[in-house]
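**Student:** Okay, here's the structure, questions in a sec.
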Amino acid sequence: MKNDTYVLIPVFNEEEVLENIITEIKKEGYSNIIVVDDGSTDNTYEVVKKQKVIVLRHLLNRGKGAAIKTGFEAAKLLKAEIIITVDGDGQHDPKDIKKLVKKIDEGYDVVLGFRRMKLDSMPLIKIVYNYIANLSTWAIYGFWTCDSQSGIRGYSKKAISVINTKNDGYEYESEVLREIAWHKLKSVEVPINVFYTKYSRSKKHKQSLSNGIRTVLKMIITS
Amino acid sequence: MNFIDFSFYKIIVILISSYFIVRQLYKFLNREQYQSFIKFIATIIVWGGVIVFISVPGLSHFISEKLGLGKNLNTLIFTGFILVFILIFKLISIIEKVEKNITDIVRKEALREVKNEKS
């Protein structure tokens, strides 16, 4: 396993599942893990501190986009060659990290994990939200993807150095796609597994309609 | 000018406007956090203006004529909308800038340890 591959996990109030996620990622052979605690109000920071990982703490909650950007800055300082981002709520399968790294090794700059939009693996409301998000991303940024909101992604050293996002919230996920188009980065999509657990479904702030509308509005304003 | 014409909707609007003025006055007099004299005056002008214009329907026509717009009140309303849009746009820009500054400070603090280890 390469030592210059970093797994980046942005987290906000994930004390219940984070320890398990880190353990699973380490089992897959990735020991360079950066956790960005985005101003959690529970014991997330204390939980991560006990793990052998790099912990960065936002004193205030600034949003997923801001947390990932902080992780990117840290990875640059640590001379990372590859960054894989994984969500902190345990919905991603750590086994998929290998697939993404493999594609980067094949010469791709950005690897986008995409979830299968099927009713047996994803709630209907999520499927609808995702189609709307994909359409909005295409209309605003001109980049079509099967899953514009997927959090599991891989970035090469070139991508790490040129991608410069400005949005702090969930609109970050779509903004990255604009950056791929602008910088003509070589990208590919790979299918990934996703687990919609009782816990991840309970994270209402991520999937509310008002949050979705706010995200699209911010994309329009900042495009 | 028709001064007094209290229909139901006018009473509701006057009550709502009065509520905002009294609330702001209460906050200002109690020296609550983030309250300032400018904010208090702005509240009086905006909500007081609503009360005046709704109580004196002829006033908007009067101002419109004095401004040389004649009976063309729509122009005055349209100008008002433009000003409100400019104000909102300005406010959004300011908020965005402040948000960005906060994020930059938070990020700088979060990265301090990694930077120190590397230097």
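**Student:** Helix B:37-55 versus the longest principal axis of chain B: what angle, 0 to 90°, nearest 10, using Cα atoms?
**Tutor:** 30
**Student:** A further question on this structure: Per residue of B:100-106, how many C-beta atoms from partner chains lie within 10 Å of its own C-beta, taken as a mean?
**Tutor:** Mean shielding count: 5.
**Student:** Report the full-extension gain for the segment A:Ser210 to A:Val128: residue separation times 0.36 nm, less the Cα-Cα distance, to one decimal in nm.
**Tutor:** Taking A:Ser210 through A:Val128 to full extension adds about 28.1 nm, to one decimal.
**Student:** Where in chain A are the DSSP H helices whose C-alpha atoms run 18 Å or more along the long axis and whose mean Kyte hydropathy is at least -0.5? Please list the in-between numbers first.
**Tutor:** On the way: long enough: A:64-77 (20 Å, 0.11); A:124-141 (25 Å, 0.90); A:209-222 (20 Å, 0.91).
Helices meeting the span and hydropathy rule in chain A are A:64-77, A:124-141, A:209-222.
**Student:** Which links in A:Lys52/A:Lys184; A:Lys50/A:Lys184; A:Lys27/A:Lys69; A:Lys49/A:Lys198; A:Lys166/B:Lys27 stretch past 30 Å when you go from one Cα to the other?
**Tutor:** Values: A:Lys52/A:Lys184 36 Å; A:Lys50/A:Lys184 41 Å; A:Lys27/A:Lys69 26 Å; A:Lys49/A:Lys198 26 Å; A:Lys166/B:Lys27 36 Å.
Exceeds cut-off: A:Lys52/A:Lys184; A:Lys50/A:Lys184; A:Lys166/B:Lys27.
**Student:** Another question, if that's okay. Can you tell me the mean projection area, over all orientations, of the convex hull of region A:32-139's alpha carbons? Units nm², please.
**Tutor:** With the hull built on Cα positions only, its mean projection is 8.9 nm².
**Student:** Another question, if that's okay. Would you mind checking the radius of gyration and Dmax of region A:45-105 based on alpha-carbon positions, in Å?
**Tutor:** Taking only Cα atoms of region A:45-105, I get Rg and Dmax of 13.0, 36 Å.
**Student:** Something else: Taking region B:26-119, which GluC sites (Glu not before Pro) meet the DSSP loop condition and have no more than 14 other C-beta atoms within 10 Å?
**Tutor:** B:Glu32
**Student:** Sticking with this structure for a sec: Take the alpha-carbon positions of chain B, form their convex hull, and give its projected area averaged over all directions (one quarter of the hull surface) in nm².
**Tutor:** Mean orientational projected area (chain B, Cα hull): 11.9 nm².
**Student:** Hey, if you drop one equal point scatterer on each alpha-carbon of the protein assembly as shown and run the Debye formula without solvent, what base-10 log of I(q)/I(0) do you get at q = 0.07, 0.09, 0.12 Å⁻¹?
**Tutor:** Debye intensities relative to I(0), on a log10 scale: -0.43, -0.63, -0.89.
Every number in this text was worked out from the coordinates using simple rules, so none of it is lab data. From a predicted model like this one, the values you see are computed outputs, not experimental measurements. Positions of Cβ are generated from backbone atoms using ideal geometry, with glycine treated the same way; all protein chains shown enter the neighbour counts.
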